[in-house]
Each structure stands twice: as structure tokens, then as C-alpha cells.
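Encoded as C-alpha cells, the structure appears first; notes follow it.
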Amino acid sequence: MKLILIGFMGSGKSTVGKLLGQRHSLPVIDLDQAIEEAASQTIPAIFATHGETYFRKLEHQVLATVIDQPGILATGGGTPLRADNQALLQNAAVPIIHLRANAKETLSRLGNTQNRPLAKGLDQAGIEALKKQRHQAYQACANYTIETNLLSPMEVALAIEARVPF
Ligand code: S3P
């Protein structure tokens, strides 16, 4: 890996990852997509049929297989929660960028989400509470945090480029 993006659902990891991949001709691995390919099931279907614990195990296994591949990794919003995932991310020894947005902005970006089981039905207060619960885990992993509330994906990409040599 050259760069790892972490952050809450809707923080822009996948969008910004793709943009950086295009700009620097680097492969992009989207962990959620890699999990869906490994399971031959969508994430909502994995949650519905096997539950979150099973999803987290799979997420860990897939992370362990992709972490040494070249390019940019866009993680899932819950990836940094497990200590063993934190260790995998940190041992990659590449910049880990935490993308942040406030709860109001997160809610508007997620919209009426059907493909994120853990965000389904959450209002702004619910998002705020989950973000708070996770804050520590993101901070423990991150080398840089970027506040994305007022930034377009391109502006976020530029902010990353200003911090990380490509
Ligand atoms: C999750 C975030 C999702 C996905 C799964 C669980 C989470 O990824 O991995 O639905 O626990 O926050 P995105 O952050 O890409 O939506």
C-alpha cells in the first residue's frame, strides 16, 4: 500500500481513493468491494444472513490479504475498530489519513442509505453517538486528519497530496 484512508461512513474514502488512484495511476482497493467479492454477497446481504460478527471476521481476513498489495486502500467505516485491524493498518507503515465530516454533513451524504446496515434508520443524533464511540479508534490509527465538511472530493485529494509524497 501507498496510502490508507480511514473514517466514518460517508466521509469520502471510496470517492477520494478513486480520485487519487486516477491522478497518480495507482490501483485502488476498496475494502467493502473486496469483501463483497470474497463473499459473493453484498454487504447488506452478509449482515442479514450472517450478522455483524461474521462480517467483522471476514473484514479482518480480507484486510490481511489486501494490505500488502500496491496502491491506495479505502477501508470500511468500522475497519479500525478491531485491535488486530489497527495493527495490520499500522504495520503497513504508510500514511493513514482520517477523513472526517460532522454528523449533519454525514447524514446528508449518506441520504436514505440502503446499503449501509449500521447507518440505516440513524438520525443526526444517532450518527453523532456512533461517531463519538469510534473517534478514539480512528485517532489511534491516523497520521493525518482532514476535515472534509466544506471540501469537494478534489479539494480533499489536494489536501492529501499536500501532506503525502506521491
Ligand atoms: C461499516 C461501514 C461500511 C461497511 C459496513 C460497515 C461500519 O463501509 O464496511 O457497512 O461499520 O461503519 P463504508 O464506510 O465504506 O460505508
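The values are calculated or read from the model by the stated rules, or taken from the named source; none is laboratory data. Please read these numbers as outputs of a predicted model, since none were measured by experiment. We place every Cβ from the backbone using ideal geometry, glycine too, and count neighbours over all the protein chains shown.
Residues in segment 120-131 that are outside any loop (DSSP other than H, G, I, E, B) and more than 9 Å from the ligand (Cβ to nearest atom): 124, 125, 126, 127, 128, 129, 131.
Scanning segment 20-59 for residues that are among the acidic types (Asp, Glu) and free of Cβ contacts under 8 Å to residues at least 24 places away in the same chain yields 36, 37. Could you check segment 10-29 and list, in sequence order, the residues that are surrounded by fewer than 20 Cβ atoms within 10 Å (Cβ to Cβ) and either of a type in the set (Asp, Glu) or closer than 21 Å to residue 86 by Cβ (or both)? Listed by number, the list holds a single entry, 14. Inspection of segment 55-72 identifies at least one residue that is crowded, with 18+ Cβ neighbours inside 10 Å and acidic (Asp, Glu).
Filtered by the rule that a residue be free of Cβ contacts under 8 Å to residues at least 40 places away in the same chain and charged (D, E, K, R), segment 111-127 gives 120, 123. Sub-8 Å Cβ pairs linking a first residue in segment 62-85 that is over 19 Å from residue 157 (Cβ atoms) and modelled with pLDDT of 95 or more to a second residue that is more than 10 Å from the ligand (Cβ to nearest atom) and of a type in the set (Lys, Arg), at least 6 apart or interchain, number zero.
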